[in-house]
Structure formats: structure tokens, C-alpha cells
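As C-alpha cells, the structure follows; a few thoughts come after it.
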Amino acid sequence: MRDYSRQNKEAWEYNAYDFWTKMSGTPAERAKLDRENPLRMLRRHAAYFDSFQGVRVANICGSCGKKAIPLALLGADVTIFDISSENRRYAMEVAQAAGVEIGYEVCDVLEIDREKYGGRFDVAFMEGGVLHYFHDIDEFMSVMYAVLRPGGKLILSDFHPFTKIMDSLNLEQPTMSYFSTEVFEGEMAHARFFDEPIRSRMPRCSYRKYTVSEIINAIIDSGFRLQRFDEHPAWENEALPGEFTAVAVK
């Protein structure tokens with residue numbers, strides 16, 4: 001495992017189960033919401049799936065299962081790949097309470113077992129800020145290409161590169177030159193929800209943020225055929241870009 005992956009793992013295993021319980025409810029409470037309306041829980045991402053029943057989905061950095069479990073409730077065969085055992089604990093308890101089965105591999109995504117998972121999935125899906133955890137976007141895209149079957153689909157929804165120069169999502173992350181290739185340390189995603197005494201002690205993550213062209217070129221250069229690149233407004237200010245979704249086919 002790479003040194004920066006170990007650093008990110010330490011951060012994402014710090015109090016994560018308690019955080020999800022606080023923010024999303026107990027596993028039983030979260031499962032109830034997922035069961036009531038799984039399509040609503042998927043939000044805009046549902047529109048990028050052609051179907052759900054029987055579709056094999058690799059949910060990359062799937063965290064606490066907030067998208068994997070609704071997908072499973074809709075009939076998908078979902079495996080989460082994520083670096084945090086704390087995330088896995090919460091996700092598996094929610095899945096059990098929701099009455100569905102999901103797979104969950106705790107690993108560095110760049111080290112996914114290609115003997116086991118190569119060419120296995122119909123969809124590689126990720127959302128909510130994933131790319132900045134990986135220092136080599138070309139290597140990341142090559143792994144996504146490898147786990148998909150021929151004709152499989154990449155659905156990549158992430159924070160818009162505009163957030164490099166302006167904190168349009170209010171994530172309290174540092175800003176920098178849009179064209180910076182700097183690797184930097186910053187707070188983990190949910191540190192801002194804790195009181196200062198706890199926040200100051202939380203392990204930090206190692207980040208690398210990308211431009212639009214770096215993302216698009218990495219998708220194309222890995223062998224994918226890019227189908228769509230949609231931009232979405234910031235959560236609290238529709239005049240600013242906040243997220244994007246790229247769709248590509250192997």
C-alpha cells in the first residue's frame with residue numbers, strides 16, 4: 001500500500017462509524033430511509049444507469065454504503081471498494097437491516113485484485129469526491145478500465161475542478177491555482193462537523209486535485225469512449241459549478 005494511501009486510511013478509520021451514526025442515523029434508521037425510496041436516495045445519479053436489476057456494480061470508494069444499498073434494493077449486484085474498515089462496518093450493518101446483500105472489499109482501490117475482479121463489472125460508479133485521494137489519475141483510470149467488462153460503463157461523479165480555486169461547496173478545503181499539480185495535506189471530508197478539540201486531533205488526508213482537461217484526458221487515454229460530461233451547480237449557490245458527472249464506455 002502506498003504511503004499516502006496508509007495516511008488516508010488512518011484518517012478514514014478515525015471515528016468514522018460513530019460519525020455515520022450521528023449524521024445518517026443508526027444502521028436501522030438509515031436502512032428504513034433506503035427501503036422507503038431507493039431512487040430518491042440515489043438522487044441525480046439514478047438517471048445515469050440504464051437499468052438496475054442484475055447489473056454488477058463496482059462502487060468505488062463507496063464509503064458507508066449510501067449509494068450501494070439503494071442500488072442493491074433496486075436489484076443491482078454491488079461490491080464496494082473502500083479503504084476504511086470503519087466504513088465497511090456501518091455499510092454492512094445497514095445492508096443487513098435493509099435486507100440486502102452487498103460485497104465490501106477493504107483495500108487500496110489501486111490494488112484491486114484484477115485476477116478476481118478484472119472484467120467483472122457492468123458499471124464502475126463513484127460519487128461525492130473520490131479523485132482527489134489518488135495522486136496518479138491515469139493509474140486510477142486504468143484500474144477502472146480493467147474491472148469493467150467490454151461495453152461496461154464508467155459513471156464518475158465528483159467535485160468540480162472549479163473547487164480548486166473557490167470553495168463553492170463550503171468544504172473548508174484550501175484553494176490554489178487552478179493549474180496546480182501540488183500534492184497537499186488537508187482535513188478529511190467530515191472533520192468540519194466536529195468540535196475544535198476533536199477536529200484538531202483528526203488525522204489529515206493527502207490530496208491531489210485535477211483540472212477538467214486532466215480528468216477528460218485520463219478517461220480517454222485509458223481507452224474509454226467518453227459519452228457525456230455534465231456539470232452541476234454548487235449545493236447552495238446555483239450560479240457556481242459544484243460537481244460534474246462523466247460517463248464513458250469501455
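What pairs can you find where one residue is in region 158-183 and on the phi > 0 side of the Ramachandran plot, the other is part of a loop (DSSP other than H, G, I, E, B) and of a type in the set (Asp, Glu), and their Cβ atoms are less than 9 Å apart, with a gap of 6+ or different chains?
If the second residue must be part of a loop (DSSP other than H, G, I, E, B) and of a type in the set (Asp, Glu), the pairs left are Asn170/Glu236.
Just one of (1) at pLDDT 95 or above; (2) in a helix (DSSP H, G or I); (3) hydroxyl-bearing (Ser, Thr, Tyr) trips up Ser5, so point out which.
(1)
Among what's in region 13-50 and is outside any helix (DSSP H, G or I) and not small (Gly, Ala, Ser), pick the residue that is nearest to Glu243 (Cα to Cα).
If we filter region 13-50 for residues that are outside any helix (DSSP H, G or I), which is where we start, we get 13-15, 25-26, 37, 49-50.
With not small (Gly, Ala, Ser) added as a condition, the list becomes 13-15, 26, 37, 49-50.
Working: Glu13: 26, Tyr14: 26, Asn15: 27, Thr26: 28, Asn37: 23, Phe49: 18, Asp50: 21 Å.
The selected residue is Phe49.
With Ser51, Ser24, Ser85 as the choices, which residue is hydroxyl-bearing (Ser, Thr, Tyr) and free of Cβ contacts under 8 Å to residues at least 24 places away in the same chain?
Numbers: Ser24 fails: free of Cβ contacts under 8 Å to residues at least 24 places away in the same chain; Ser85 fails: free of Cβ contacts under 8 Å to residues at least 24 places away in the same chain.
Result of the check over Ser51, Ser24, Ser85: Ser51.
Across region 154-206, what is the number of residues that are part of a loop (DSSP other than H, G, I, E, B) and β-branched (Val, Ile, Thr)?
To start, the set of residues in region 154-206 that are part of a loop (DSSP other than H, G, I, E, B) comprises 160, 165-182, 188-190, 194-195, 200-203.
So of that shortlist, the ones also β-branched (Val, Ile, Thr) come out as 165, 175, 181.
Qualifying residue count for the region: 3.
Among the residues that make up region 99-117, is at least one of them of a type outside the set (Lys, Arg) and without any contact (Cβ under 8 Å) to a residue 24 or more places away in the chain?
Of the residues in region 99-117, the ones of a type outside the set (Lys, Arg) are 99-113, 115, 117.
Checking which are without any contact (Cβ under 8 Å) to a residue 24 or more places away in the chain leaves us with 113, 115.
The answer is yes, given that some residue of region 99-117 is of a type outside the set (Lys, Arg) and without any contact (Cβ under 8 Å) to a residue 24 or more places away in the chain.
Which of the residues belonging to region 1-29 are of a type in the set (A, V, I, L, M) and buried (at least 20 other Cβ atoms within 10 Å of the Cβ)?
Applying the first criterion (of a type in the set (A, V, I, L, M)) to region 1-29 yields 1, 11, 16, 23, 28.
Listed by number, the residues that qualify are Ala11, Ala16.
If the requirement is being more than 24 Å from Ile80 (Cβ to Cβ), surrounded by 17 or more Cβ atoms within 10 Å (Cβ to Cβ), among the polar types (S, T, N, Q) and at pLDDT 95 or above, which of these qualifies: Thr163, Thr175?
Thr163
Does Gly128 satisfy the condition of being touching a residue at least 60 places away in the same chain (Cβ under 8 Å), surrounded by fewer than 23 Cβ atoms within 10 Å (Cβ to Cβ) and either out of contact with any Pro (no Cβ under 7 Å at 6 or more places or on another chain) or in a helix (DSSP H, G or I) (or both)? Walk me through how you get there before you give the answer.
Details: touching a residue at least 60 places away in the same chain (Cβ under 8 Å): yes; surrounded by fewer than 23 Cβ atoms within 10 Å (Cβ to Cβ): yes; either out of contact with any Pro (no Cβ under 7 Å at 6 or more places or on another chain) or in a helix (DSSP H, G or I) (or both): yes.
It is true that Gly128 is touching a residue at least 60 places away in the same chain (Cβ under 8 Å), surrounded by fewer than 23 Cβ atoms within 10 Å (Cβ to Cβ) and either out of contact with any Pro (no Cβ under 7 Å at 6 or more places or on another chain) or in a helix (DSSP H, G or I) (or both).
Just one of Arg89, Arg120 is more than 14 Å from the chain's Cα centre (by Cα), of a type outside the set (Val, Ile, Thr) and under 28 Å from Ile215 (Cβ atoms); which is it?
Working: Arg89 fails: under 28 Å from Ile215 (Cβ atoms).
On inspection, the qualifying residue turns out to be Arg120.
Check Val55 against each of (1) touching a helix residue (DSSP H, G or I) at 6+ places or on another chain (Cβ under 7 Å); (2) over 30 Å from Arg204 (Cβ atoms); (3) of a type in the set (A, V, I, L, M, F, W, C) and name the one condition it does not meet.
Answer for Val55: the failing condition is (1).
The values are calculated or read from the model by the stated rules, or taken from the named source; none is laboratory data. Keep in mind that what you see is a predicted model, and the values were worked out from it rather than measured. Because the Cβ atoms are built from the backbone with ideal geometry, glycine has one as well, and the counts that use them run over all protein chains shown.
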